[in-house]
1. Of the residues in the stretch 197-207, how many are in a loop (DSSP other than H, G, I, E, B) and open to solvent by less than 70 Å² (accessible area, probe 1.4 Å)?
2. Search the stretch 227-240 for residues being assigned to a strand (DSSP E or B) and open to solvent by 50 Å² or more (accessible area, probe 1.4 Å), and hand back the single one that is nearest to Gln185 (Cα to Cα).
3. State all residues of the stretch 93-134 that are more than 29 Å from the chain's Cα centre (by Cα) and open to solvent by 50 Å² or more (accessible area, probe 1.4 Å); if no residue qualifies, say none.
4. When you scan the stretch 232-274, how many residues do you find that are more than 26 Å from Thr211 (Cα to Cα) and modelled with pLDDT under 85?
5. When the stretch 138-195 is examined, which residues are found to be of a type in the set (S, T, N, Q), in contact with a Lys or Arg (Cβ under 9 Å, 6 or more places away or on another chain), outside any helix (DSSP H, G or I) and open to solvent by less than 60 Å² (accessible area, probe 1.4 Å)?
6. Hey, among the residues in the stretch 32-64 that are open to solvent by 50 Å² or more (accessible area, probe 1.4 Å), under 14 Å from Asp19 (Cα atoms) and of a type in the set (S, T, N, Q), which one's modelled with the lowest pLDDT?
7. On the given criteria, is Asn12 open to solvent by 50 Å² or more (accessible area, probe 1.4 Å), modelled with pLDDT under 80 and not basic (Lys, Arg)?
8. So, in the stretch 123-165, exactly how many residues are closer than 17 Å to Met100 by Cα and of a type in the set (Ser, Thr, Tyr)?
Amino acid sequence: MKKIVSVRFKPNGKSYYFDPCDMDIKTGEYVIVTTARGTECGEVVQGIHEVADSNCNRDLKPVVRMADAVDVRRMKQNRADEEKAFQLCQERIEKHGLDMKLVEVEYNLDRSKILFYFTADGRVDFRELVKDLAGVFHTRIELRQIGVRDESKMLGGLGICGQPFCCSRFLKDFQPVSIKMAKEQNLSLNPSKISGCCGRLMCCLAYEQKTYEYLNGVLPMVGSTVRTPDGVGTVVEVSPVSATLRVRTGTDSLAPKTYKASQCQYISGGKRTPKAPDPYDDFSGMNPKPIPHPGFESEEDAE
């Protein structure tokens, strides 16, 4: 176990681990640390605590010192100057006719370097722009191209759910999201309904994916044959969350009816091998062995 402190440099940014070096550091205080971008002033979001050696790097960078009032004032001044630098850089981009979109500007604490984050469809030759900016700011200039998901994280906004973006609110790392998740959850494949404001698939598709994989695994697939109170029929629709099945019984002309899973007995047809729940998931109270959905019975179980 190692003693560490968690520090972040932006209100919605990712937290990083640093070695407290026997200093009494508490949550909410500001510290001076050295990062790949230079000297930075960051806020402690979690005071001294212990984590397993496997969850952090072997060589943690140490906290240089506690930040004083001058450091905090300088950090706030840098944030104000970043807005002015943003406007000036935007004017220079238009002047040089570059096909790029400026997203954010960052000063490091000692103002020895200024970073400009931008998005672009392809590679951009910004050498002349760098020379122009260096002549204005008289410091080291770095332009860094980022993706559209990083842009949404930096800028923030409201999603189609009406809530602030997950990436700008609490997500620290982007997880892989695939169209398979939307299919597994029986969502509309209309891009406008499953894509976020960044134009990529919504991150929230991954939140309930493991739950759907488990529930879909213990319920019969569409096309399966089951026995219902009204006779044997074919499953035409499955609702994993409510544990209901739409079954067509008798002739094809009859409209399908909805039954609870507990009212049906599985006979044959498609049925996937269920994945055992992860003990760290929200539904960890279930038996870790593959079991039917609560109340669902198959003919094998009945025997």
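1. The total comes to 3.
2. Result: Glu237.
3. Matches in the stretch 93-134: Glu94, Lys95, His96, Gly97, Asp110, Arg111, Ser112, Asp125, Phe126, Arg127, Glu128, Lys131.
4. So the count comes out to 7.
5. Thr139, the sole residue that qualifies.
6. Asn57
7. Criteria not met by Asn12.
8. Count: 1.
The values are calculated or read from the model by the stated rules, or taken from the named source; none is laboratory data. None of these values were measured; they are calculated from a predicted model. Reconstructed Cβ throughout: ideal geometry from the backbone, glycine too, with neighbour counts over all protein chains shown. Note: accessible area is taken over every heavy atom of the protein model, side chains too, but ligands, DNA and RNA are not part of it. Shrake-Rupley method; radii C 1.70, N 1.55, O 1.52, S 1.80 Å.
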